[in-house]
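**Student:** Below is the structure I would like to discuss, written out as structure tokens.
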Amino acid sequence: MIPAHWSCHRRLEDSELLGYLRPVHDSPLLFTPVTVFGYPLGSPTDERHARECLDRMGLSCLAEDWLLSLPGRPDPVTVRIVEATPQQLRVQNVDYGYADADIGHIFVLDVPAAGQLRPC
């Protein structure tokens, strides 16, 4: 689950959740812009730049393919995001080279999914 101390960032026009501002522990004026599932979209920066990053990239990253690391498997699996909420992330297998799960298999991950996902 997304920690309560992360600040929501929503689009002004329709209040769509674009991501979160994760505070930097040793610097109260810096924030890391993160996706709705907790993946960092940039380096720590001031609040204005972090919000601008989320405005630019917050939703578009949901349409990209991602690499999912699985325990006991040396190579990551290519997946596509199906649903992202502050509580969980559902991703779909789109990797024809992964024989342990059919194409379309849904993996359910806890959020934030740090360390398990990275962009392709």
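The values are calculated or read from the model by the stated rules, or taken from the named source; none is laboratory data. Source: prediction; values computed, not measured. Because the Cβ atoms are built from the backbone with ideal geometry, glycine has one as well, and the counts that use them run over all protein chains shown. When the accessible area is computed, the model is the full protein with side chains, heavy atoms only, and any ligands, DNA or RNA have been set aside. Shrake-Rupley method; radii C 1.70, N 1.55, O 1.52, S 1.80 Å.
**Student:** So with the 1.4 Å probe, I'd like the accessible area per residue for the chain, rounded to whole Å².
**Tutor:** Averaged over the residues of the chain, the accessible area is 57 Å².
**Student:** Still on this structure, I have one more. Using θ = phi - 60° and the Karplus curve 6.51 cos²θ - 1.76 cosθ + 1.60, what whole-Hz ³J(HN,Hα) does each residue of segment 103-110 get, with Gly and Pro shown as x?
**Tutor:** Result, ordered by residue: 4, x, 4, 9, 9, 10, 10, 6 Hz.
**Student:** I've got another one for you. Please work out how much accessible surface Asp102 shows to a 1.4 Å probe, ignoring ligands, DNA and RNA, in Å² rounded to 10.
**Tutor:** Around 120 Å² of this residue is reachable by solvent.
**Student:** Quick one: order Met1, Met57 from most to least accessible surface, probe 1.4 Å.
**Tutor:** Putting Met1, Met57 in descending order of accessible area: Met1, Met57.
**Student:** Just add up the charged neighbours of Ala99: K/R +1, D/E -1, any other residue whose Cβ is under 14 Å from the Cβ of Ala99.
**Tutor:** Summing Lys and Arg as +1 and Asp and Glu as -1 gives -3.
**Student:** What does the charge count around Gly58 come to, taking other residues whose C-beta lies under 10 Å from its C-beta (Lys +1, Arg +1, Asp -1, Glu -1)?
**Tutor:** Every neighbour counted, the sum reads +2.
**Student:** Whats the longest run of the chain with zero GluC sites (Glu not before Pro) that are DSSP loop and have at most 16 other Cβ atoms within 10 Å?
**Tutor:** With a cap of 16 other Cβ atoms within 10 Å, the longest stretch comes to 65-120.
**Student:** Could you list the trypsin sites (Lys or Arg not before Pro) in segment 1-107 that lie in coil according to DSSP, counting only those with at most 14 other Cβ atoms within 10 Å of their Cβ?
**Tutor:** Qualifying residues, ordered by number: Arg11.
**Student:** Also, quick follow-up: Would you list Cys61, Cys8 from the most to the least accessible area, probe 1.4 Å?
**Tutor:** Solvent-accessible surface, decreasing: Cys8, Cys61.
**Student:** Please compute, over every Cα-Cα pair in the chain, the percentage with a separation greater than 17 angstrom. Could the numbers behind the result be given before it?
**Tutor:** Working: 4005 of 7140 pairs.
Result: 56 percent of Cα pairs exceed 17 Å.
**Student:** Around Arg80, under 13 Å between beta carbons, what's the net of Lys plus Arg minus Asp minus Glu among the other residues?
**Tutor:** Net charge around Arg80: -3.
**Student:** Also, I was wondering about something else. Hey, can you grab everything whose amide H is under 5 Å from the amide H of Leu70? Only 5+ residues off in sequence or another chain; H modelled, so Pro and N-termini drop out.
**Tutor:** Amide H to amide H, under 5 Å and 5 or more residues apart or across chains, Leu70 pairs with Val77.
**Student:** Taking the Cα atoms of segment 26-77 alone, what are Rg (to one decimal) and Dmax (as a whole number) in Å?
**Tutor:** Looking at segment 26-77, its Cα Rg and Dmax stand at 13.9, 41 Å.
**Student:** Once every Cα of segment 59-120 carries one equal point scatterer and solvent is ignored, give the base-10 log of I(q)/I(0) from the Debye formula at q = 0.12, 0.17, 0.23 Å⁻¹, two decimals.
**Tutor:** -0.25, -0.51, -0.96
**Student:** Only helical DSSP H runs with n ≥ 4 go in: add -39500 (n - 2.57) per run for the chain, normalise by residue count and round the 222 nm mean residue ellipticity to 500 deg cm²/dmol.
**Tutor:** Working: 1 runs with 11 residues, N = 120.
Here the helix-only value at 222 nm equals -3000 deg cm²/dmol.
**Student:** Relative contact order, percent, of the chain when contacts are C-alpha pairs under 8 Å separated by at least 6 residues?
**Tutor:** 21
**Student:** Here's something else I'd like to know. Can you tell me how much longer the chain between Cys120 and Ser60 gets when fully stretched, taken as 0.36 nm per residue apart minus their C-alpha distance, in nm with one decimal?
**Tutor:** 20.2 nm
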